[in-house]
Structures are given as structure tokens and as C-alpha cells.
Amino acid sequence: MISLQRVSHFYSGPFGQKISALEDVNLNIPRGSFTAIVGPNNSGKSTLGQIMVGLLSPSSGQVLIEGLDLAHWDHNLLTRTIGLIFSNPEDQIVFPIVEDDLAFSLESLAMDTLQIEKKVADILKFLDMEEYRHCSIHQLSGGQKQKLAIAAMVIRGLRYLVLDEPISHLDAKGREEVLTLIKSLHQAGGTIIYLAQRFEELVMSDLVVALVSGRVVWQGSFLELLERPEDMAQWGIEVPPIVRLVKILQDKGLAVAHPIYTVDHLIAALEKLKP
Amino acid sequence: MKVEALDCSYRYRHFPKGEQEEYAVYDIRLTILPSKIFGIVGANGAGKSTLAYLLAGLLKPSKGLILADGKNIYTTRESLAAFRKSVALVPQFPEDQFFSSSICQELSFGLERGGSSRDEIQMRIAATLKLLGLEFDTKSLMGRSPFELGGGERRLISIAAALVAEPKILILDEPTARLDSKASQRIWELICELRQQLRLTIIIISHEMERLVCLVDWLVIMHQGKIVHQGTPLEIFSKPAELKPLGLEWPQITLLGYKLEQFGIKHDHRPIFEPQEAAILISKWFEERR
């Protein structure tokens with residue numbers, strides 16, 4: 001479990017003024033859950049992500065990971081427990097060759113060569129990217145680069161993964177590839193904290209947290225979020241046309257009930273109403 | 001101004017030795033008509049940005065011609081300079097290129113280099129900001145750094161920097177990438193306003209098919225360096241079978257339209273794009289059977 005207790009964070013502005021990024025955030029993220037954090041640009045999502053993994057120390061408040069204050073965690077152990085993925089995979093790929101980048105992640109943990117070999121082979125198989133093992137990074141698509149960046153993180157045996165809008169730089173195919181990978185990591189027992197900007201990223205979540213101007217303004221399930229399209233737009237999520245359509249149909253008195261966010265969902269709901 | 005790409009191909013030359021040089025785009029034939037909005041879609045690597053740079057006169061085609069009102073833009077140095085003045089391209093993530101410590105400097109840089117007078121610069125900046133609905137008066141703007149702004153405002157300032165030059169054609173490469181829905185909404189509204197108020201020609205590269213189909217006059221679909229389809233959104237989505245292999249994201253409502261036909265809600269296979277249109281079809285059908 002990750003627990004944020006009264007976490008606030010300030011940046012200092014160009015004239016020494018305090019710029020508040022997070023204010024009094026309290027949040028509990030159970031192990032094995034998929035938590036999506038939504039909020040418009042500048043709502044403090046990235047700051048929150050960086051605080052959770054220990055890249056930033058909060059100005060005040062505490063972050064507990066499995067009951068222990070982040071400030072007291074052994075750094076080496078922490079980097080094998082929780083990791084952060086940035087939007088742009090190129091920000092965190094360090095080696096020009098696929099296998100070298102994966103191996104580097106383990107070398108820095110002082111793992112022996114044979115073990116590294118095996119783990120790299122295993123994870124490439126898991127990613128379905130075995131044939132790219134010796135490829136140069138620039139031969140990879142955007143989606144493959146992001147999969148690699150995620151793999152270089154989880155290969156360390158992480159239990160918690162924080163993703164900061166990991167598909168925002170990708171095209172439709174890349175987005176799907178990366179979301180599928182994240183889904184399988186969650187199904188394998190990983191705890192996912194997903195800083196989200198797009199609707200499709202929320203579908204897998206157990207809990208949605210809305211952050212506005214550095215404050216948590218709402219927490220609820222994905223289903224509850226579907227009932228609040230106006231809020232969703234306020235929180236920076238583009239409401240899918242089908243969800244907008246469902247609202248219009250409901251207002252017209254048609255008894256279509258959520259969850260409906262795909263064309264097939266809506267057709268199924270209409271089938272039920274067929275006279 | 002009408003711009004035509006006549007059988008344009010472009011090959012990047014920075015590949016390391018031994019690696020095959022591939023055309024990023026080839027055999028591009030496209031006519032950009034004045035005061036229309038064009039949408040260019042396609043997967044990453046399809047050649048969309050390369051096409052944009054060709055149309056902006058920033059890349060010279062390896063083969064083929066770019067014509068402006070029927071004349072080759074590469075005829076003389078002057079003709080190219082004149083063409084480039086009338087086209088503004090806002091690249092992806094334009095705010096990454098801010099370099100000035102004040103918004104005013106950022107906006108006036110291009111005009112100063114073009115030799116405009118101080119008064120004229122001030123006037124054009126004020127007019128552009130008004131058009132964008134940015135609520136700064138020019139004086140307070142002088143002192144503000146573009147880095148203090150939020151993501152959406154930064155993007156607007158980048159677009160403003162392109163518009164102060166009073167181009168005839170505005171090219172936007174992924175104008176809403178990395179923006180949240182509110183900021184994106186503002187950009188889409190701005191595009192509509194620019195068309196109405198300035199009668200600008202606008203070329204938009206975007207993955208947001210849902211938005212494009214409701215906005216553009218002409219949709220260009222690129223696949224592996226080629227234009228594979230072009231037409232009005234209505235024409236393009238009237239042939240669903242041809243679009244399937246391209247792996248394009250379908251607008252949800254258009255897809256729903258097809259499924260509604262199978263469901264029994266007939267509308268002559270005419271593509272639909274807006275939730276309102278779908279709502280009318282569905283509720284009418286249910287009312288008739290109540």
C-alpha cells in the first residue's frame with residue numbers, strides 16, 4: 001500500500017514566490033490496485049507521481065510505502081520496489097541497443113551476468129519483442145520504445161509502477177500496445193498508479209482520483225465517473241462521443257444504463273430495449 | 001493562395017552509410033484551396049510532418065513541384081522567400097522552442113527580423129492576442145515570461161507567434177498533442193474562429209479523427225509515405241471497406257452509424273459524425289415503435 005498523508009508541495013517561482021503544486025493530498029493506494037489519477041494540465045499530477053517514487057521530497061506531509069516513510073527507505077531497495085515512467089520514452093532510454101538498455105537496469109543493481117542474460121531474454125519474450133533484442137533504439141516504433149522503457153523498469157522486480165501519461169506521445173497502434181502491456185502487468189499482480197489524460201486509460205482502473213489545482217476533489221470508481229461526463233471534461237478528460245450520446249439519450253428518456261463507452265456496449269444496450 | 005503539390009517525393013539524406021535511403025513521402029498530389037480546412041491523418045511515420053514541411057516550403061521536394069498559384073515556388077530565391085512569408089507552420093510541441101524571456105519578445109521576433117516598425121509590431125501583436133481571446137493587455141504582457149504560462153496558454157502563444165506574421169496558410173502539426181481536453185477544446189474552437197474571421201487556409205495534422213471529421217472540408221489519409229485517400233469526410237467514410245486495412249482510428253459515432261443499420265435503424269448508409277445526429281436517429285426509431 002502507498003499512503004499519502006497531508007502531502008503538500010511548493011515550487012519556488014522566478015521571484016522567490018511560492019508556487020503551490022499540491023495541497024494537503026491524502027490518498028491510499030492498495031497493493032494490486034489500478035488507480036487512475038486525472039486532472040487538467042498543471043493540476044499537480046506529475047508532481048504527485050514524482051513524490052510517490054521519491055524523485056521529489058514533499059514540502060510537507062508523508063509518503064508511506066508499505067508502512068515505511070519514503071524518507072527512511074533504503075534507496076537501492078526503493079528502486080526495486082517502485083518506478084516512474086515518463087510520457088516520452090526517449091527521456092529514459094539510455095542505451096542505443098535494446099538488450100543493453102534492459103541489462104543496464106539490472107547491472108546498476110549489481111546482478112551477475114548470467115542472471116541478467118536470463119532476465120533480459122524473459123522480459124523480451126514477455127514483451128513479444130525477442131527479434132528486437134540486438135536492434136538499435138531508433139528502429140523501434142514509439143509504442144515499442146515505451147514498452148522497452150516500461151520493461152527496463154519492471155525487470156527490476158517492481159511491485160509499484162507509476163506511469164505519467166505514458167501513451168501521450170504515441171499513435172493509436174502504439175497506445176494499444178502499451179495499454180495491453182500495462183494491463184498484463186496489472187494482471188500479474190503489479191500495483192499501477194496511472195496519471196491519465198485520455199479516457200481509454202481509465203477503463204482498467206478500480207479507482208479514479210481527480211486532482212484539480214493540487215487538491216483531490218473527487219474519488220470514485222470508473223462506473224461512477226461515467227455518470228459524470230461534465231466533471232470528466234472539467235478534469236481534463238475528453239469525453240468519448242458515445243458517452244456524450246448516452247447522456248443525450250438518457251435526457252430524451254431512453255433507459256440506457258452505464259457502463260456504456262463503446263459502440264458495442266451501446267448496441268447491446270439498445271438490443272435490450274428493442275420492442 | 002492556392003498551393004499544389006505535384007507528384008512530390010522527399011527523401012531524407014541523413015541515414016548512415018549502408019542503410020537504405022527511403023522516401024519519407026512519394027508521389028504526393030494534393031491541392032490546397034484557399035480558405036478551406038484540411039486534415040491530414042495517418043499512423044506515426046506515414047509522412048504527415050514531411051508533407052507539412054513540403055507544403056510550407058521548408059523542405060524542397062527530391063522529385064516533383066510545389067506550386068503557389070500555379071508558379072513553382074523554387075523558381076527564384078525571392079519567390080521562395082515570398083512563399084515562405086505567406087505560410088506559417090506551427091511544429092509539434094512549439095512551446096519547447098520558446099527562447100525569449102517575455103511573451104512580447106517571443107511574438108515580435110519574426111516581425112522585427114522582417115523589418116516591421118515598432119508601432120506596427122505592437123499593433124499586430126495586440127490584434128492577434130485579441131483574436132485569440134488572451135486576456136493580457138500588451139503592457140503587462142511585456143514583462144511576462146512564456147515559461148510562466150500553463151500548457152494551453154503556451155500553445156496559444158505559439159500559434160499567436162505564427163499568426164502575427166499574417167500568413168495566408170496556417171499549418172498546425174498536432175496542435176492538441178499533450179494538451180488536456182479543456183485546452184484542446186480551446187484550440188479546436190480557435191481553428192473555427194480563424195476560418196470564420198480571417199478566412200485562413202488551415203492544414204491540420206492530427207490523430208484526433210473524431211474532431212477532424214466534424215471540422216475539416218477535406219481529409220487526406222496517408223499511409224507509408226503515400227496519400228491513399230482524400231476527399232470530404234463524408235466521401236471518405238462512405239467506403240468503410242477501403243479504410244479498414246489502414247489501421248486508422250474510426251470516429252466512434254461513424255462506426256455506430258454502420259452498426260445502427262445492422263441493428264435496424266436505417267439511414268441510407270450515410271456516414272454520421274455527431275452524437276446529436278445519432279441521438280435523433282435512435283430516439284426517433286424508438287418513438288415510432290413505442
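Using Cα-only point scatterers and the Debye equation, what is log10 of I(q)/I(0) for the protein assembly as shown at each q in 0.10, 0.11 Å⁻¹, rounded to two decimals?
So the normalised log intensities are -1.00, -1.19.
Just need the Rg to Rh number for chain B, please, alpha carbons only, Kirkwood Rh. Display every interim value, and only then the final one.
Details: Rg = 21.2 Å, Rh = 20.8 Å.
On the Cα set of chain B, Rg over Rh gives 1.02.
Once you put a point 7 Å from the Cα of B:Gln105 and another 7 Å from the Cα of A:Lys183, both along the Cβ direction, what distance in nm separates them?
A separation of 5.0 nm, rounded to one decimal place.
In nm, give the distance between the simple-model label positions of A:Ser221 and B:Asp217, each being 7 Å from the Cα along the Cα-to-Cβ direction.
5.0
Helix-only mean residue ellipticity at 222 nm, chain B, DSSP H runs n ≥ 4 weighted -39,500 (n - 2.57), per residue, nearest 500. What is it?
On the way: 12 runs with 121 residues, N = 290.
Rounded to the nearest 500, the figure is -12500 deg cm²/dmol.
Most exposed first by the Cβ proxy, i.e. fewest other Cβ within 10 Å, how do B:Trp218, A:Trp235 rank? Before the final figure, lay out each step's value.
Numbers: B:Trp218 20, A:Trp235 26.
In order of increasing Cβ crowding within 10 Å: B:Trp218, A:Trp235.
Can you give the FRET efficiency for A:Val94 and B:Ala241, using 1/(1 + (r/R0)^6), R0 = 41 Å, r = Cβ-Cβ distance, to the nearest 0.05? All intermediate terms of the calculation are to be shown ahead of the outcome.
Values: r = 45 Å, r/R0 = 1.09.
The pair A:Val94/B:Ala241 has a calculated efficiency of 0.35.
Across peptide A:259-268, what mean number of C-beta atoms from other chains lies inside 10 Å of a residue's C-beta? Spell out each step's value before the answer.
Numbers: counts 0, 0, 1, 3, 10, 3, 0, 7, 5, 0.
Partner Cβ neighbours, averaged per residue: 3.
To test your reading of the geometry: what angle, between 0 and 90 degrees and rounded to tens, separates the Cα axis of helix B:275-288 from the longest principal axis of chain B?
20
Could you order peptides A:152-162, A:127-137 by the average number of other Cβ atoms within 10 Å of their residues, highest first?
On the way: A:152-162: 20.0, A:127-137: 14.6.
Ranking the peptides A:152-162, A:127-137 by packing returns A:152-162, A:127-137.
Mind sorting B:Thr201, A:Thr35, B:Thr75 by how few other Cβ atoms lie within 10 Å of their own Cβ, fewest first? Intermediate values should be presented prior to the final figure.
Working: B:Thr201 25, A:Thr35 22, B:Thr75 10.
Ordered from fewest to most neighbouring Cβ atoms within 10 Å, B:Thr201, A:Thr35, B:Thr75 come out as B:Thr75, A:Thr35, B:Thr201.
Taking one equal scatterer on every alpha-carbon of the range B:251-290, how large is log10 of I(q)/I(0) by Debye at q = 0.28, 0.31 1/Å?
For the range B:251-290, the Cα-only Debye profile gives -0.95, -1.12.
Find the all-direction average of the projected area of the Cα convex hull for the range A:180-275, expressing the result in square nanometres with one decimal place.
On the way: hull surface 28.5 nm².
About 7.1 nm², averaged over all directions.
What list do you get for A:Lys118, A:Lys145 if you sort them by fewest beta carbons within 10 Å?
Values: A:Lys118 10, A:Lys145 23.
Exposure proxy ranking, most exposed first: A:Lys118, A:Lys145.
So what's the back-of-envelope 222 nm ellipticity for chain A, counting only DSSP H runs of four-plus at -39500 (n - 2.57) apiece and dividing by all residues, rounded to 500? Each step should come with its number before you reach the end.
Values: 10 runs with 99 residues, N = 275.
Calculated from helices alone, the mean residue ellipticity at 222 nm is -10500 deg cm²/dmol.
Please give the length that would be gained between A:Lys252 and A:Leu273 if that part of the chain were fully extended, namely 0.36 nm times their separation in residues minus their C-alpha to C-alpha distance (nm, one decimal).
On the way: separation 21, 0.36 × 21 = 7.56 nm, distance 1.42 nm.
Full extension from A:Lys252 to A:Leu273 adds 6.1 nm.
Go ahead and run the numbers for FRET between B:Met123 and A:Asp206, Cβ-Cβ distance against an R0 of 56 Å, rounding to 0.05. The partial results should precede the final answer.
Values: r = 56 Å, r/R0 = 0.99.
Calculated transfer efficiency: 0.50.
Give the angle, between 0 and 90 degrees and rounded to the nearest 10, that separates the Cα long axis of helix A:142-154 from the longest principal axis of the Cα atoms of chain A.
With rounding to tens, the tilt is 60 degrees.
Loop only by DSSP, 15 or fewer other Cβ within 10 Å of the Cβ. Give me the trypsin sites (Lys or Arg not before Pro) in the range A:224-259 that pass, ordered by residue number.
On the way: sites: A:Arg244, A:Lys247, A:Lys252; in loops: A:Lys252.
Passing sites in the range A:224-259 are A:Lys252.
Which value, in Å³ per residue, describes the convex hull spanned by the Cα atoms of chain A? All intermediate terms of the calculation are to be shown ahead of the outcome.
Working: hull volume 40.2 nm³, N = 275.
Each residue corresponds to 146 Å³ of Cα convex hull volume.
Roughly what angle does helix A:241-251 make with the longest principal axis of chain A, taking Cα atoms, 0 to 90 degrees, to the nearest 10?
30
A short reminder: the numbers here are calculations on the coordinates, not readings from a lab. What you see is a predicted model; the values in this text were computed from it and never measured. So basically every Cβ, Gly included, is an ideal-geometry build from the backbone, and we count neighbours across all protein chains shown.
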